[in-house]
Amino acid sequence: MHGTGRGGRKLGVMGGTFDPIHHGHLVAASEVAHRFDLDEVIFVPTGQPWQKTDRQVSPAEDRYLMTVIATASNPRFSVSRADVERSKVTYTVDTLRDLHAQHPGAELFFITGADALASILTWQDWAELFELAKFVGVSRPGYELNIDHLADHLRGMPDDAVTMIEIPALAISSSECRRRAAEGRPVWYLVPDGVVQYISKRHLYVPARAEGDGNV
Ligand code: ATP
Ligand code: MG
């Protein structure tokens with residue numbers, strides 16, 4: 001049976017830019033859902049990502065639709081428009097507050113890769129974040145799965161405020177998928193089939209020079 005604790009449901013929250021969503025994201029969500037016996041994992045594509053001001057991020061609507069395509073076949077996966085529709089830059093606290101409002105009584109588990117966990121917890125109000133959700137850090141090739149450097153902040157927090165888990169290693173990143181698409185190399189099997197086709201249909205990631213070809 002799924003769902004325990006305060007009579008509410010257990011919801012995973014998988015935030016990301018998802019430009020594009022890839023199998024690393026999906027395995028992370030699936031593995032955490034299994035380990036924590038979650039009722040659902042809600043994928044939340046970012047609106048205007050504040051940590052990625054160094055590059056052009058694809059339109060939110062494209063990232064949202066790729067996330068929908070990638071998750072559609074899993075009955076336990078869903079996608080939220082909460083951050084896509086926000087006009088301002090989103091912080092994780094905002095996302096979590098909105099999800100609480102939409103799912104009263106639910107227990108939230110915020111899922112992040114080892115790399116992103118450190119930055120989320122560095123930049124934001126810890127006390128409030130931990131009131132809103134438990135954090136689950138997942139292993140990611142190339143990054144150390146270690147919260148020793150967070151020990152000072154974690155002192156006095158409940159033991160389960162942050163849990164680190166090993167998941168099957170997929171050395172896939174959205175950056176590498178974009179690079180591949182830009183260079184005409186395949187992204188098959190790195191992202192779901194429907195996402196390969198969406199990237200090609202919308203000419204995402206093609207160099208600016210080729211973008212206007214045959215188009216208005
Ligand atoms: P980019 O290269 O553009 O930063 P990304 O692959 O890191 O893209 P994001 O959308 O930035 O993807 O990541 C969303 C979340 O998924 C983050 O918490 C990130 O750490 C996690 N994540 C991404 N790829 C993996 C992977 N291969 N294994 C485990 N976690 C991952
Ligand atoms: Mg990233």
How large is ³J(HN,Hα), in whole Hz, for each residue of segment 176-183 in order, when computed from phi with the Karplus curve 6.51 cos²θ - 1.76 cosθ + 1.60 and θ = phi - 60°, using x for Gly and Pro? 5, 4, 5, 4, 4, 4, 5, 9
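What shape does segment 102-162 take by its C-alpha gyration tensor, where a ≥ b ≥ c are the square roots of the eigenvalues and a/c under 1.5 counts as rounded, a/b above b/c as prolate, and the rest as oblate? Can you show the working numbers first?
Working: a/c = 1.99, a/b = 1.36, b/c = 1.46.
Oblate, because a/c is 1.5 or more while a/b does not exceed b/c.
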Would you calculate the separation in nanometres between label points at residue 87 and residue 164, each defined as 7 Å from the Cα along the Cα-to-beta-carbon direction? 4.2
Simple spin-label model, 7 Å along Cα-to-Cβ: residue 208 to residue 125 in nm? 3.9
Any idea what log10 I(q)/I(0) is at q = 0.15 Å⁻¹ for the chain, Debye with uniform C-alpha scatterers and no solvent? -0.99
Amide H contacts under 5 Å for residue 79, restricted to residues at least 5 apart in sequence or on another chain and with H modeled in the peptide plane, are 43
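Sequence gap at least 6, Cα distance under 8 Å: using those rules, report the relative contact order of segment 71-216 to the nearest whole percent.
On the way: 116 pairs, mean separation 23.6, N = 146.
Normalised by residue count, the contact order of segment 71-216 is 16 percent.
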In deg cm²/dmol, rounded to 500, what helix-only [θ] at 222 nm does the chain give when every DSSP H run of at least 4 residues adds -39500 (n - 2.57) and the total is split over its residues? -10000 deg cm²/dmol
In sequence order, what are the phi-derived ³J(HN,Hα) couplings for segment 134-151 according to the Karplus relation 6.51 cos²θ - 1.76 cosθ + 1.60 with θ = phi - 60°, rounded to whole Hz, with x for glycine and proline? 8, 10, 10, x, 10, 5, 8, x, x, 10, 7, 8, 7, 10, 4, 5, 9, 3
If you bin the C-alpha pair distances of segment 20-129 every 10 Å from 0, what whole percents do you get? 12, 45, 39, 4
Amide H partners (placed H, <5 Å) of residue 13, local residues excluded: 42, 109, 110, 111
For segment 90-216, what is the Kirkwood hydrodynamic radius in Å, using each pair of distinct C-alpha atoms? 17.4
Relative contact order for segment 26-124: what is it in percent, counting Cα pairs under 8 Å that are at least 6 residues apart? 31
³J(HN,Hα) across segment 127-133 via Karplus (A = 6.51, B = -1.76, C = 1.60, θ = phi - 60°), whole Hz, x for Gly/Pro? 4, 5, 4, 6, 6, 8, 7
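FYI, it's all coordinate maths here, none of it is from the lab. Just so we're clear, the structure is a prediction, and the values are computed from it rather than from any experiment. No Cβ is skipped: glycine too gets one built from the backbone with ideal geometry, and neighbour counts run over all protein chains shown.
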